[in-house]
Amino acid sequence: MTALAPFERSAFRFRRASAAAGFLVFSAIGTLQAMLLPPSSSADMPASSPLVLELKLDGEVEPILATYIDEGLADAARRHASLVLITMDTPGGLSDSMKDIIQHILASPVPVAVYVSPTGARGASAGFYILLSADIAAMAPGTHAGAASPIIAIGGFPQQIDEVFRRKINQDAMAFLRSFTVRRGRNPELAEKAITESKAFTERECLDGKMIDLIVNTSDDLIRELDGRTITRFDGTKVTLVLKSAVRAPFELSARQRFLARIVEPDVFFVLLILGVLGLYTEFTHPGVIAPGVIGGICLILALYAMHFLPVNLAGLFLIVLSLAFFILEAKAPSHG
């Protein structure tokens, strides 16, 4: 057996250490990728098992939730799912985000069921439009929907408008509602009262008024009820749902989406706004403290995004510009970076 020379032994140990380091690096990268990828990126289910992709529309309808719904519908199409189930509990939200969600629901190659749940939940305002746009509209007992009159709000605060402008907005909303409720075979005349009279409906009133298809206690009951049902898609084609022994897969918000969706809540963006103003005030009255100005600037940009004054991309650009400004100021007034 030949002994290794010192140099050869060192090289051998170096190669073995390099291989181990490479393995650790690739393992770390793999772990990081697994952490960053959403649950929807897991391995597709066997073709023999119908797949139901589950999404949640919980909270205000805003751009981040609209993006989440759009991504979920795209993922369902990619995975050839049999059904997308959107469980909804919302007080309403932005009309642009609502229209974006509805456009993707109407164009989805996978049938979409919107289910207002659990008991006590609501599909109010923008949620009412989304509920009626789905292939299957369902509600749990003890839920309600409606009160869909549009309002103009700036920074989350409703604004007074003249009667002519209000009538134009209502007419536009009614035409938009009719454009898909008629094709879905629902009752547009009754649905329009949610706009013209700000009327809300219980689940029983929605069912009796032919605005929804089912009242079911749980999502399991809904899937059982839909198994074997033939539905008419928005383009007029008829599809029979096969959901027996369906595999249910949740599609979750990413960490970024959860963070952005949380800061648009009123309790958070008011805190951000107050911190931003106080931080800048402290920096102007006590020059050189640095930290209040930095924190205040960041909080103020996040607050402007949360109040829908800034779109998310523009808010991100402002944060980048702010960071560059801080780097330049650091060279002029050294602190702690």
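The values are calculated or read from the model by the stated rules, or taken from the named source; none is laboratory data. Just so you know, these numbers come straight off a predicted model, no measurement behind them. Don't worry about glycine lacking a Cβ; one is built from the backbone with ideal geometry, like all the others, and counts go over all protein chains shown. SASA here: full protein model, heavy atoms, side chains in, ligands and nucleic acids out. Shrake-Rupley method; radii C 1.70, N 1.55, O 1.52, S 1.80 Å.
Okay, here's what the table says:
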| quantity | calculated |
| --- | --- |
| Estimated inter-spin distance, Thr202 and Val182, nm [label 7 Å along Cα→Cβ] | 3.2 |
| P(r) of segment 255-326 over all Cα-Cα pairs, binned every 10 Å from zero, in whole percent | 22, 49, 26, 3 |
| Spatially proximal lysines relative to Lys99 (Cα-Cα < 25 Å; intrachain offsets below 8 disregarded) | Lys56, Lys168, Lys193, Lys199, Lys210, Lys238 |
| Whole-number accessible area per residue in Å² for segment 174-272, which is evaluated in the context of all protein chains at 1.4 Å | 54 |
| Carbon/sulfur fraction of accessible area - segment 51-250, other protein chains in place, 1.4 Å, % | 51 |
| Area accessible to solvent at His144, 1.4 Å probe radius, in Å² | 70 |
| Stretch gain in nm, segment Val247-Phe165, where the contour uses 0.36 nm per residue and the Cα spacing is subtracted | 24.7 nm |
| HN-Hα J in Hz across segment 70-75 - Karplus 6.51, -1.76, 1.60, θ = phi - 60°, x for Gly and Pro | 4, 5, x, 5, 5, 5 |
| Segment 51-250 - charge dipole about Cα centre, Lys and Arg +1 at Cβ, Asp and Glu -1, debye rounded to 20 | 520 |
| Solvent-accessible surface (1.4 angstrom probe) belonging to Lys168, in square angstrom, nearest 10 | 130 |
| Overall dimensions of segment 51-250 as given by Cα atoms, namely Rg and Dmax in Å | 16.1, 55 |
| Computed E for Gln257/Ala153 - FRET, C-beta separation, R0 35 angstrom, nearest 0.05 | 0.95 |
| Solvent-accessible area, 1.4 Å probe, carbon plus sulfur percent, for segment 255-326 | 80 |
| J(HN,Hα) series, segment 279-287, from Karplus relation 6.51 cos²θ - 1.76 cosθ + 1.60, nearest Hz, glycine and proline x | x, 5, 4, 5, 5, 6, 7, 10, x |
| Expected-Rg normalisation [2.2 N^0.38 Å, Cα atoms] applied to segment 52-146 | 0.96 |
